[in-house]
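Just dropping this structure here.
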Amino acid sequence: MLARLGHFVARHRYAVIGAWLVLTLFGAFSAGQVSKRWFQSFSIPGKSAYETNQRTLKAFGVGIRPPNVVVFKTSGDATKSDAIRAATQRVAKANPAALTSSYFSTGSSAYVSRDRHTTFMEIYPPGLAKFDTKSGAEETQTLAAAGLPAGTTVHVTGHDPLEEASSHGSSGGPSVLLEAMVGGVGALIILLFVFGTLPAVLMPIAVAIAAILNTFTLVWGLTYLTDVSIIVQFLIALVGLGVAIDYALLMIFRFRDELREGEDVETALVETMTHAGRSVIVSGSTVAVGLLSLVVLPLPFIRSMGLGGMLIPAVSVLAAITLLPALLAVLGERINSVRLLPKRLLDRGHPEDGLWGRWARLVLRHPWRVAATGTVIVAVLAGIGTQLTPNEAQLKNFPGTGDAIAGRDSLAAAGVSPGVLKPFNVLVERGGDPQQIAARLRTVPGIAASVAPKDWRRGETSLVQAFPAIDGAAPGIQGIIDRANNALKGTPGSLGGVPAVDRDFVHAIYGNFPYVLAFVLVLTLILLARAFRSIVLPIKAVILNVVSLAAAFGIVVFIFQQGHGSSLWNIDATQAIPAWIPLMIFAFLFGLSMDYEVFMLTRMREAYDETGSTERAIELGLARTGKLVTSAALILMFAFLVLSSSPGYEIKPFAIGLAAGIIFDATVIRALLVPALMRLLGDANWWMPSWTRSLLLIRKREPVPEPASENA
């Protein structure tokens, strides 16, 4: 089929290019339209705390967003300061849609430090929490500070102001266009050294642009069927750039090899489609499977990322097997024209005689040593990865400088519980007595205080605020949540608030993660078994991919959770990794790193079919894909390093996890463990019982030649 497609594209190349040009121009229009339709919130349907917050939002207009906390400090008794009282009243009046509480509105000492010098005010902003929503902390601080006497200070802190401080005051960061452009420049530099000629350098970029813009067209249509997270735009730009260039690299490498062997342009193109095109389809399928696995999770916004993300490799594959062959057919031998590097640096073919060929032969001579070296490296990093704590960082670990940081530190210095920054909210319905609920919560171990402001009532519904004695992301918070829920059983009160929703989020992800893992592993095994006509190779590939992921998690834990090197990104040790990051690293890295496995094993399978020698297949496969895999990994690594420069501390471990994981996989896993283990397995690599062939509908092929003499 691919051969027929190759002939068709070669003979109708201008029509194919014209069609892609029209679709890509429309894709540029679609990218502008879809920017107005991104979904910027998240939901956890069916989870108790989330549903409680939704009812709170309906009744009070607030409850979804964490509060801003206004911190006043004075030399005297803060509760007797008329200036502070007036400041809290000004702030409350300026935020009529918000719910506010303080010592002056409740009379509760829960809002006052033990030495009486510090007091704070809670402001619950109205509306939904969106990615581009500003906290308004700066305006609130200016308003509260007006009229305060000398010696009295005021700061505005809280989760959202602290997050803005960690983002250096920016909620958006670089645009998608800028991210893609910087990534594209990096890709151009790497491609220059890979190919050395202008047409070969520009062609992968052209394919990537077409793939990215046409993906936006499909995602625009998807937004009319379901909500699609705004994060998808960054994934399209960066993953699309990397994947499309990966596939273009594979196709161009093979096309140039065929031309060097003396084939005419159409024959070279058909051979490229038959072999490299097949690898592209298998690779794209594994990437799509990794992303599609996200639909297993009961979180609509993550499901949308899986659906939207799945379109990235799908369109990239389509561009690689239609647009790229058409461009190659037009250029023909001219793909090697317009030299940009000295002739001695250009690729002359026959990589088995070069560096990668020598490395392959070294591995074949010392497989046990190479395998042991790779295993030790993986074991150390994977061991660190087992210490991963998937949870939001405690607010004390948020990096940054400015007023929000000063307010957080002022509360801590005064001995006020960090729980006031992320309180519990208890929704009391059906005319229940909020004072009784508050009194019951005060008896719960781990709750420092509980208050029922008198004006927090709407008809038969009221709201109680409870301050946990620890941060809402601290290790002991789950026990406090469980005890609070037990205390509320049989009452009209329901526990809500950001800490409880955060725990629901973690449970929703990792309670269903075994199903995600099973989904990915089973589908990947089936795809690879059909592609390589072997049971052993897919099992080995999946196991190595899993340990590669564990090693990538180890890198993230070592740098960010433990803080060894996180200062390069102006971040201290966070002691935790945001819960969504390990999941997204898994979904993307599993498929992206499997690309390299597919590239290598396809060439090895092809060489084995030609020679009948496992050792020769390993040598040729590694030699002929070593430069390709390394170049592709460097391009993807650079794309994600660009992403790590974005403001906001959460995006940095995500981007570095992907960048480090990809380059680690391309070096330690593919250059050390894969060839060494295949050498040790010998002919067992190709074992496939007949019943699996029938089950997977694999057609019989001609028997492989007798193993060639190793001295031949």
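The values are calculated or read from the model by the stated rules, or taken from the named source; none is laboratory data. Because the structure is predicted, anything quoted here is derived from the model rather than measured. Reconstructed Cβ throughout: ideal geometry from the backbone, glycine too, with neighbour counts over all protein chains shown. All accessible areas refer to the heavy atoms of the entire protein, side chains included, with ligands and DNA or RNA removed. Shrake-Rupley method; radii C 1.70, N 1.55, O 1.52, S 1.80 Å.
Taking the chain, how much of its Cα-Cα pair set, in percent, is spaced more than 52 angstrom apart?
Values: 55313 of 253116 pairs.
Value for the chain (Cα pairs over 52 Å): 22 percent.
To continue, here is another question. In Å and on Cα atoms, what radius of gyration and Dmax does the stretch 224-335 show?
Looking at the stretch 224-335, its Cα Rg and Dmax stand at 16.7, 55 Å.
While we're here: Output the pairs from Lys93/Lys422; Lys58/Lys422; Lys58/Lys652 with a Cα-Cα distance over 30 Å in this structure; if there are none, say none. Intermediate values should be presented prior to the final figure.
Numbers: Lys93/Lys422 23 Å; Lys58/Lys422 20 Å; Lys58/Lys652 35 Å.
Check vs 30 Å cut-off fails for Lys58/Lys652.
Can you sort Thr226, Thr375 by 1.4 Å-probe accessible area, starting with the largest?
Values: Thr226 50, Thr375 75 Å².
Ranked from most to least accessible, the order is Thr375, Thr226.
Cα to Cα, under 20 Å, and not fewer than 8 places away if on the same chain: which aspartates and glutamates meet these conditions relative to Lys489?
Glu51, Glu429, Asp433, Glu460, Asp504
Between beta-carbons, use under 14 Å as the cut-off and find the net charge around Val498, counting Lys and Arg +1, Asp and Glu -1. It would help to have the intermediate numbers written out before the result.
Values: positive: Lys47, Arg65, Lys422, Arg503; negative: Glu122, Asp160, Glu163, Glu392, Asp471, Asp502, Asp504.
Net of charged neighbours comes to -3.
DSSP loop trypsin sites (Lys or Arg not before Pro) in the stretch 405-493 with at most 14 other Cβ atoms within 10 Å of their Cβ, which ones? Walk me through the numbers on the way to the answer.
Numbers: sites: Arg408, Arg430, Arg440, Arg442, Lys454, Arg457, Arg458, Arg483, Lys489; in loops: Arg430, Lys454, Lys489.
Counting only loop positions with at most 14 other Cβ atoms within 10 Å, the trypsin sites (Lys or Arg not before Pro) in the stretch 405-493 are Arg430, Lys454, Lys489.
Could you work out the relative contact order of the chain, using alpha carbon pairs under 8 angstrom and six or more residues apart, expressed as a whole percent?
19 percent
In sequence order, what are the phi-derived ³J(HN,Hα) couplings for the stretch 306-319 according to the Karplus relation 6.51 cos²θ - 1.76 cosθ + 1.60 with θ = phi - 60°, rounded to whole Hz, with x for glycine and proline?
Once rounded to whole Hz, the list reads x, 5, x, x, 4, 5, 4, x, 4, 5, 4, 5, 4, 5.
Rolling a 1.4 angstrom probe over the protein heavy atoms, how many square angstrom per residue are accessible across the chain? Before the final figure, lay out the partial values.
Numbers: 28280 Å² over 712 residues.
Using a 1.4 Å probe on heavy atoms only, each residue of the chain averages 40 Å².
Show me the three semi-axes of the equivalent ellipsoid for the stretch 285-419, from the C-alpha gyration tensor (sqrt of 5 times each eigenvalue), largest first, rounded to whole Å. Working shown, then result.
Numbers: eigenvalues 447, 158, 89 Å².
After diagonalising the Cα gyration tensor, the semi-axes are 47, 28, 21 Å.
Just tell me the longest site-free run in the chain, where the sites are GluC sites (Glu not before Pro) in a DSSP loop having at most 11 other beta-carbon atoms within 10 Å. Don't jump to the answer; show the numbers that get you there.
Working: sites that count: Glu261, Glu710.
Answer from the scan: 262-709.
Using only the alpha-carbon atoms, how far is helix 367-385 inclined from the longest principal axis of the chain? Give it as 0 to 90 degrees, nearest 10.
The two axes meet at around 20 degrees.
Given DSSP loops and a limit of at most 16 other Cβ atoms within 10 Å, what is the longest stretch of the chain that contains no such chymotrypsin sites (Phe, Trp or Tyr not before Pro)? Write out the running numbers ahead of the final one.
Numbers: sites that count: Phe131, Tyr224, Trp687.
The segment 225-686 is the longest one with no such site.
Report the semi-axes of the equivalent ellipsoid for the stretch 355-446 in whole Å, largest first, where each axis is √(5λ) for an eigenvalue λ of the Cα gyration tensor. Spell out each step's value before the answer.
Values: eigenvalues 631, 83, 28 Å².
Semi-axes, largest first: 56, 20, 12 Å.
Can you give the % of DSSP beta bridges in the chain that are antiparallel, to the nearest 5? Mind dumping the intermediate values first?
Numbers: 32 of 34 bridges.
Counting only bridges with both partners in the chain, antiparallel ones make up about 95 percent.
Aspartates and glutamates within cross-link reach of Lys80: Cα-Cα under 14 Å, excluding same-chain residues under 8 positions apart?
Candidates past the 8-residue exclusion: Asp115.
State the percentage of accessible surface on the chain attributable to carbon and sulfur atoms; use a 1.4 Å probe and exclude ligands, DNA and RNA.
Details: 17180 of 28280 Å².
That share works out to 61 percent.
Under 20 Å from a point 7 Å along the Cα-to-Cβ line of Asp409: which residues of the stretch 63-96 have their amide N that close?
It comes to 69-75, nothing else.
Hey, if you drop one equal point scatterer on each alpha-carbon of the stretch 56-140 and run the Debye formula without solvent, what base-10 log of I(q)/I(0) do you get at q = 0.26 Å⁻¹?
-1.28
Trypsin sites (Lys or Arg not before Pro), restricted to the stretch 57-159: which are DSSP loop and have at most 16 other Cβ atoms within 10 Å? Walk me through the numbers on the way to the answer.
On the way: sites: Lys58, Lys73, Lys80, Arg85, Arg90, Lys93, Arg114, Arg116, Lys130, Lys134; in loops: Arg114, Arg116, Lys130, Lys134.
For trypsin sites (Lys or Arg not before Pro) across the stretch 57-159 that sit outside H, G, I, E and B with at most 16 neighbouring Cβ atoms in 10 Å, the list reads Arg114, Arg116, Lys130, Lys134.
Using helices alone, what [θ] at 222 nm do you get for the chain, with -39,500 (n - 2.57) per DSSP H run of 4 or more residues, divided over all residues and rounded to the nearest 500?
Working: 27 runs with 410 residues, N = 712.
Rounded to the nearest 500, it is -19000 deg cm²/dmol.
Length gain on complete extension for the stretch Ala83 to Val522, per 0.36 nm per residue less the alpha carbon to alpha carbon distance?
Details: separation 439, 0.36 × 439 = 158.04 nm, distance 6.62 nm.
Here the segment from Ala83 to Val522 would lengthen by 151.4 nm.
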